[in-house]
Amino acid sequence: MYMILGDRFGVLHIYHLTSGKSVEIWKSKHLVGAVDEVILGDLDLDGYEDAILVRTTPGMIYVWDSSNFDLLYESLPADYPEIHCFTVGQVDEDPAAEIIVNANQKLHYIDGSTFNREWTSLVDYRATRMACGDVDGDNINEIVLNNGQVVDTRNGDVQWEEDTFHDRIELLDMDGDRIPEVITEGNGTAVKVFDIDSGIEKRL
């Protein structure tokens, strides 16, 4: 088992966990700012999480290859003055997933192969967590923001809206219909499950 940690000094650490101890096997250079969030992503859609993605406080994004720790991408300081959250998902028909960024209250798509910015929304959005998946069963992924909005990846239209999805969200098929539900909870709040394709909250 491996554990990836980012610290407030702007360094990413990878530890190999064995029985009774942990060994640091790699650490990054000093990044610009403190590490805010670390995620793993399958950018080439081969079924393996082949990329380590990090965002830092000043609005920087870094991507490393998870097999050899080569730095694949580093955003420019002026690209995103403020990043609220990010995730990885397939939003078009090309052979690579996209990095989906909620920054400066806009949604941005970054191609996971070329790392070129492909699209920026005209509408403002503001969330602290997001996920991407086909939550309504139309074979097109949606972006689920923890502000309660479910957004069409093709045009940025809000397809469904709830008061809030709380601090943390996860997409998981709870009822076996092969369509993931939105699971949400926060500090001091109960776990809630929303079935977007039926338009209802499921009671636990």
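Values for this structure:
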{"read-out": "Gap separating the Cα centres of the range 130-202 and the range 27-56, nearest whole Å", "value": "23 Å"}
{"read-out": "For a label point 7 Å along the Cα-to-beta-carbon line of Arg168, residues of the range 4-34 with backbone N under 20 Å", "value": "4-8"}
{"read-out": "Where trypsin sites (Lys or Arg not before Pro) fall in DSSP loop in the range 66-140, at most 14 other Cβ within 10 Å", "value": "Arg126"}
{"read-out": "Karplus 3J(HN,Hα) series, Hz, for the range 179-195 with 6.51 cos²θ - 1.76 cosθ + 1.60 (x for Gly, Pro)", "value": "10, x, 8, 8, 9, 9, 7, x, 5, x, 10, 6, 5, 10, 10, 10, 9"}
{"read-out": "Amide proton proximity set for Leu72, modelled H, under 5 Å, gap of 5+", "value": "Val63, Trp64, Asp65"}
{"read-out": "Where the chain is the region considered: accessible area per residue in Å², 1.4 Å probe", "value": "51 Å²"}
{"read-out": "Computed lengthening from Ser67 to Leu45, 0.36 nm per intervening residue step minus Cα-Cα distance", "value": "6.4 nm"}
{"read-out": "FRET efficiency estimate (nearest 0.05) - Cβ-Cβ, Val32 to Leu5, R0 22 angstrom", "value": "0.80"}
{"read-out": "Built amide H within the under 5 Å cut-off of Ala51, gap 5+", "value": "Gly41, Leu43, Ser66"}
{"read-out": "Virtual paramagnetic centre 7 Å along Cα→Cβ of Ile25, amide N under 17 Å, in the range 4-19", "value": "4-6, 12-19"}
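The values are calculated or read from the model by the stated rules, or taken from the named source; none is laboratory data. From a predicted model like this one, the values you see are computed outputs, not experimental measurements. Because the Cβ atoms are built from the backbone with ideal geometry, glycine has one as well, and the counts that use them run over all protein chains shown. When the accessible area is computed, the model is the full protein with side chains, heavy atoms only, and any ligands, DNA or RNA have been set aside. Shrake-Rupley method; radii C 1.70, N 1.55, O 1.52, S 1.80 Å.
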